[in-house]
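Colleague: Once you've had a glance at the structure underneath, I'll fire off some questions.
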Amino acid sequence: RFEQTQAALAALRANLANAEEALAREQRSADELSLAVVGRGRLDLEMARLRSSEALTQKARTILQKAAPHVAQHLCDRIAVDAQQIFNRINPEPCELRWDARAFSLRIAPGERRFAMLSGGEQTKLAVAMTLAMVQQFTQLRFCIFDEPTYGVDVQSRHYLADAIIKVHATANLDQLLLVSHDDAFD
């Protein structure tokens, strides 16, 4: 009986050892599962944050898309006002400029003329006036380059143009102003 009891005890001890090993494995699995649940919670929070960021980005994109034409028109209006003042200083006949940002068209009043309808000299003066106005608006630019700004411009307008370029150079606080001209009288 003693031997039978010892054999039964040995079998029970083996079963106990196996059960303890199984319990340890299950405990490790439970610990891994707990860590996975915590990790999943973090991932769920991160996913929720990313979805919110995506929604906010989409909303900002929509707002910017709707605002872009208005911002562009406002900027074009500001440049047109400055260009009009400069153009009217270099051109003997004052005019009003309207710059439509959507059609990217420049209209000159009186007469509702488009840029292409102007004479060569007027086109040159207006192009220089627009350039100078943009330099004034975007003062981050520290330099400006003009290539033949007097092309097709009459003698009196050359003087006004030189004054306008010097004034914008000072107003915009440019480091450099490069001017290329084959017009000896424009020195």
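Colleague: It is to be established whether one or more residues within region 42-62 are within 30 Å of ARG102 (Cα to Cα), open to solvent by less than 80 Å² (accessible area, probe 1.4 Å) and of a type in the set (Ser, Thr, Tyr).
Modeller: Yes, some residue in region 42-62 is within 30 Å of ARG102 (Cα to Cα), open to solvent by less than 80 Å² (accessible area, probe 1.4 Å) and of a type in the set (Ser, Thr, Tyr).
Colleague: Give the residues of region 130-158 that are among the hydrophobic types (A, V, I, L, M, F, W, C) and under 32 Å from the mean Cα position of the chain (by Cα), sorted by residue number.
Modeller: Result: MET130, LEU132, ALA133, MET134, VAL135, PHE138, LEU141, PHE143, CYS144, ILE145, PHE146.
Colleague: Could you please find all residues in region 104-129 being in contact with a strand residue (DSSP E or B) (Cβ under 8 Å, 6 or more places away or on another chain) and either touching a residue at least 40 places away in the same chain (Cβ under 8 Å) or closer than 24 Å to LEU179 by Cα (or both)?
Modeller: Passing the criteria: PHE115, LEU118, LEU126, VAL128.
Colleague: Look at ALA72 and say whether it is within 30 Å of GLN123 (Cβ to Cβ), open to solvent by less than 90 Å² (accessible area, probe 1.4 Å), in contact with a Ser or Thr (Cβ under 9 Å, 6 or more places away or on another chain) and assigned to a helix (DSSP H, G or I).
Modeller: Spelling it out, it is not the case that ALA72 is within 30 Å of GLN123 (Cβ to Cβ), open to solvent by less than 90 Å² (accessible area, probe 1.4 Å), in contact with a Ser or Thr (Cβ under 9 Å, 6 or more places away or on another chain) and assigned to a helix (DSSP H, G or I).
Colleague: Restricting to region 75-113, name every residue that is open to solvent by 40 Å² or more (accessible area, probe 1.4 Å) and either closer than 20 Å to PRO149 by Cα or part of a strand (DSSP E or B) (or both).
Modeller: Across region 75-113, the qualifying residues are GLN84, GLN85, ASN88, ARG89, PRO92, GLU93, PRO94, GLU96, ARG98, ASP100, ARG107, ARG113.
Colleague: From the set of residues in region 114-133 that are over 20 Å from GLN73 (Cα atoms) and of a type outside the set (Gly, Ala, Ser), which is surrounded by the fewest Cβ atoms within 10 Å (Cβ to Cβ)?
Modeller: MET117
Colleague: Of the conditions (1) open to solvent by less than 60 Å² (accessible area, probe 1.4 Å); (2) modelled with pLDDT under 80, SER181 satisfies every one except a single condition; which number is it?
Modeller: Evaluating SER181 over (1) open to solvent by less than 60 Å² (accessible area, probe 1.4 Å); (2) modelled with pLDDT under 80 leaves (2) as the failure.
Colleague: Could I ask something else about it? Do we have any residue at all in region 142-156 that's modelled with pLDDT under 80, basic (Lys, Arg), more than 30 Å from GLN65 (Cβ to Cβ) and exposed (fewer than 14 other Cβ atoms within 10 Å of the Cβ)?
Modeller: The answer is yes, given that some residue of region 142-156 is modelled with pLDDT under 80, basic (Lys, Arg), more than 30 Å from GLN65 (Cβ to Cβ) and exposed (fewer than 14 other Cβ atoms within 10 Å of the Cβ).
Colleague: Scan region 148-187 for residues that are closer than 22 Å to LEU118 by Cα and in a helix (DSSP H, G or I) and report the count.
Modeller: 10
The values are calculated or read from the model by the stated rules, or taken from the named source; none is laboratory data. Small disclaimer: the values here were computed from a predicted structure and weren't measured. With ideal geometry, Cβ positions are generated from the backbone for all residues, glycine too; neighbour counts draw on all protein chains shown. Remember, those area values only see protein heavy atoms, side chains included, never the ligands or the DNA or RNA. Shrake-Rupley method; radii C 1.70, N 1.55, O 1.52, S 1.80 Å.
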